[in-house]
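One structure is given here, and the rest of the page talks about it.
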């Protein structure tokens with residue numbers, strides 16, 4: 001891989017993993033539109049580890065409190081933090097099952113520009129609808145400490161749909177939370193925390209084929225890991241800081257323009 005390809009793909013992964021615009025779609029589209037060679041499994045693992053490191057570092061205090069509270073709850077009363085641990089587990093089960101059952105079908109039949117264009121537009125519109133609903137509720141919207149078992153399950157089911165390229169894992173989980181009555185901060189924070197087990201599972205699945213890599217490009221991997229991690233950390237920070245002011249509509253419009261552009265691209269026989 002040349003240095004430009006490494007930088008671009010690492011930046012794309014770092015930016016799109018947590019923004020509601022679909023990282024899988026962009027990582028499929030960039031090589032397709034640039035005619036770059038496939039970046040390889042080793043590099044994919046590296047940039048996923050980079051984004052995982054970013055979310056672990058950013059939410060390190062939350063993760064510590066949740067883990068400690070969950071362990072203590074086995075001998076004492078449950079708390080908000082210990083319940084959050086269960087909510088994250090519940091929210092992860094649907095996507096884990098869907099991945100086991102449907103991964104091969106999705107890989108074979110749904111990794112196309114036509115599918116990405118359709119899901120980009122459809123789930124962009126749903127994100128806009130969820131954001132409008134949250135805006136109308138104002139101060140009446142629910143906060144993170146009002147999550148329930150059912151809420152976590154419904155968001156988990158929505159997350160499973162994100163296995164389809166172009167849907168966006170972060171986008172659909174935020175959409176589901178907003179439509180269930182939660183405010184933007186709650187929707188975003190839960191989506192980011194829920195990304196941790198999913199990225200771990202995704203990275204673990206990809207790593208199963210790592211042994212088949214004839215020559216490991218350690219330099220490319222390190223640079224991809226570092227860049228994707230830094231960009232992902234900054235993305236999380238600024239997204240959480242400014243989401244209440246800007247809302248989801250900038251991302252909705254981006255998705256609509258991208259989806260329309262891809263449909264035009266296909267219609268022109270490209």
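The values are calculated or read from the model by the stated rules, or taken from the named source; none is laboratory data. Everything numeric in this text was worked out from a predicted model, so none of it was measured. Here the Cβ positions follow ideal geometry from the backbone for every residue, glycine too, while neighbour counts run over all protein chains shown.
Could you count how many residues in the range 10-25 are surrounded by 24 or more Cβ atoms within 10 Å (Cβ to Cβ) and over 9 Å from the mean Cα position of the chain (by Cα)?
4
Output the residues belonging to the range 63-79 that are more than 17 Å from residue 155 (Cβ to Cβ) and assigned to a helix (DSSP H, G or I).
63, 64, 65, 67, 68, 69, 70, 71, 72, listed by residue number.
Restricting attention to the range 211-225, and to residues there that are in contact with a helix residue (DSSP H, G or I) (Cβ under 7 Å, 6 or more places away or on another chain) and within 11 Å of residue 40 (Cβ to Cβ), which single residue is modelled with the highest pLDDT?
Checking each candidate, the answer is 224.
Against the condition modelled with pLDDT under 95 and within 22 Å of residue 145 (Cβ to Cβ), how does residue 183 come out, does it pass?
Taking the combined requirement at face value, the residue does not satisfy it.
Need the failing condition index for residue 116 against (1) under 19 Å from the mean Cα position of the chain (by Cα); (2) over 21 Å from residue 253 (Cβ atoms); (3) not in a loop (DSSP other than H, G, I, E, B), just the number.
Going through (1) under 19 Å from the mean Cα position of the chain (by Cα); (2) over 21 Å from residue 253 (Cβ atoms); (3) not in a loop (DSSP other than H, G, I, E, B) one by one, residue 116 breaks only (2).
May I ask you to say which residue of 193, 100, 126 is within 28 Å of residue 83 (Cβ to Cβ), free of Cβ contacts under 8 Å to residues at least 12 places away in the same chain and assigned to a helix (DSSP H, G or I)?
100
State yes or no: is residue 125 on the phi < 0 side of the Ramachandran plot and either surrounded by fewer than 16 Cβ atoms within 10 Å (Cβ to Cβ) or touching a strand residue (DSSP E or B) at 6+ places or on another chain (Cβ under 7 Å) (or both)?
Here the answer is yes, as residue 125 does meet what is asked.
Being without any contact (Cβ under 8 Å) to a residue 40 or more places away in the chain and either within 25 Å of residue 256 (Cα to Cα) or in contact with a helix residue (DSSP H, G or I) (Cβ under 6 Å, 6 or more places away or on another chain) (or both) is the filter; apply it to the range 129-144 and report the residue that is surrounded by the most Cβ atoms within 10 Å (Cβ to Cβ).
132
Mind listing just one residue for me: the one in the range 37-50 that is in contact with a helix residue (DSSP H, G or I) (Cβ under 7 Å, 6 or more places away or on another chain) and modelled with pLDDT under 85 and, of those, surrounded by the most Cβ atoms within 10 Å (Cβ to Cβ)?
Taking the candidates together, the pick is 43.
Looking at 250, 197, which one is at pLDDT 95 or above, surrounded by fewer than 19 Cβ atoms within 10 Å (Cβ to Cβ) and more than 24 Å from residue 34 (Cβ to Cβ)?
After applying the criteria, what remains is 250.
Within the range 103-122, work out how many residues are over 24 Å from residue 268 (Cβ atoms) and touching a residue at least 60 places away in the same chain (Cβ under 8 Å).
Residues meeting the conditions: 1.
Please tell me if residue 96 is at pLDDT 90 or above, within 30 Å of residue 113 (Cβ to Cβ) and surrounded by 22 or more Cβ atoms within 10 Å (Cβ to Cβ).
It is false that residue 96 is at pLDDT 90 or above, within 30 Å of residue 113 (Cβ to Cβ) and surrounded by 22 or more Cβ atoms within 10 Å (Cβ to Cβ).
Yes or no: residue 136 assigned to a helix (DSSP H, G or I), over 18 Å from residue 51 (Cα atoms) and at pLDDT below 95?
Yes, satisfied.
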